[in-house]
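Have a look at the structure below before the remarks.
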Amino acid sequence: MKIFIDPGHGGQNPGAVGIGGIKEAEINLDVALRLGEILASKGYDIEYSHTGDVTLGLSERANQANSRGADYFISIHCNSNTDPQIGGTETFYYREGTTAMRFAETVNNALVAQINLRDIGIFARNLAVLRLTRMPAILVELAFVSNPQEAALLETADFRQSCAIGLANGIIEFTS
């Protein structure tokens, strides 16, 4: 089973910059590498869109997953809002009633159970990395870099590892 992991943003696009200058791209990459390590230890074949701080276009990410024959695609992100009180976890998929929708639900539920943040839910979104991939694809927003409590958590290795464990639990549950 091949899982394609896409750490969102990177290079010239740091993504959201949160409280204390915390950069989304750095968190995404760290969690993605941790997730890949967990899944590889369970026998999954892991591919990444990138494993360093590089700039990649959205279609490049989807094209990589398609050309490498991935079975599932997960893009890892952090959220941001102008209201610092907004927080929680949410997951996106492309179309209602699809395998991707069920995949999003399973992974989102496992992540929320692991990290104990507010469950915002799962939603259909027309995002390039979801629309252009040929396999079930999801985009996970772990937590908000703009929320003081969540930003503080996202800065810790323990919380990032917990995010990776939650994501892995959901992927394993769904693909078993």
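Would you compute, from DSSP H runs of 4+ residues alone, the mean residue ellipticity of the chain at 222 nm, taking -39500 (n - 2.57) per run and dividing by the full residue count, rounded to the nearest 500? Write down the numbers at each step before the final one.
Details: 6 runs with 75 residues, N = 176.
Roughly -13500 deg cm²/dmol at 222 nm, from the helical runs in the chain.
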Which helices count as membrane-span-like in the chain under these terms: full DSSP H, at least 18 Å along the axis by C-alpha, Kyte-Doolittle mean of -1.0 or more? 24-41, 99-115, 157-175
Which percent, to the nearest 5, of DSSP beta bridges fully inside region 76-140 are antiparallel? 25 percent
DSSP-loop GluC sites (Glu not before Pro) across region 86-176, with at most 15 other Cβ within 10 angstrom: E96
Using amide H atoms built in the peptide plane, which far-off residues or other-chain residues are under 5 Å from F123 H to H? T91, F92, Y93
Which of Y93, Y44 is most accessible, then next, and so on - probe 1.4 Å: Y44, Y93
Among [x] 42, 39, 32; [y] 50, 32, 27; [z] 39, 33, 32, the entry that matches Cα extents along the principal axes in Å as calculated here: [z]
The set of residues whose placed amide H lies less than 5 Å from the amide H of N81, leaving out same-chain residues fewer than 5 positions away, is S146
Just reorder R68, R102 by solvent-accessible area, largest first, 1.4 Å probe, all chains present. R102, R68
For region 5-74 and region 114-176, what is the centre-to-centre distance using only Cα atoms, to the nearest Å? 12 Å
Apply the a/c threshold of 1.5 to the C-alpha gyration tensor of region 81-142 and tell me whether it is rounded, prolate or oblate. oblate
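Taking a probe of 1.4 Å, how large is the accessible area per residue of the chain, in Å²?
43 Å²
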log10 I(q)/I(0) for region 109-172, Debye formula on C-alpha points only (no solvent), q = 0.23 Å⁻¹, two decimals, reads -1.05
Ordering of 110-123, 69-82 by packing [mean C-beta count within 10 Å, highest first]: 69-82, 110-123
Using alpha-carbon pairs under 8 Å, 6+ residues apart, how would you state the relative contact order of region 24-176 in percent? 33 percent
Roughly what % antiparallel, to the nearest 5, for the DSSP beta bridges in the chain? 20 percent
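The values are calculated or read from the model by the stated rules, or taken from the named source; none is laboratory data. Treat the numbers as computed from the prediction; the structure is a model and nothing was measured. Glycine gets a Cβ as well: all are built from the backbone with ideal geometry, and neighbour counts include every protein chain shown. Surface areas here come from the heavy atoms of the whole protein model, side chains and all, with no ligands, DNA or RNA. Shrake-Rupley method; radii C 1.70, N 1.55, O 1.52, S 1.80 Å.
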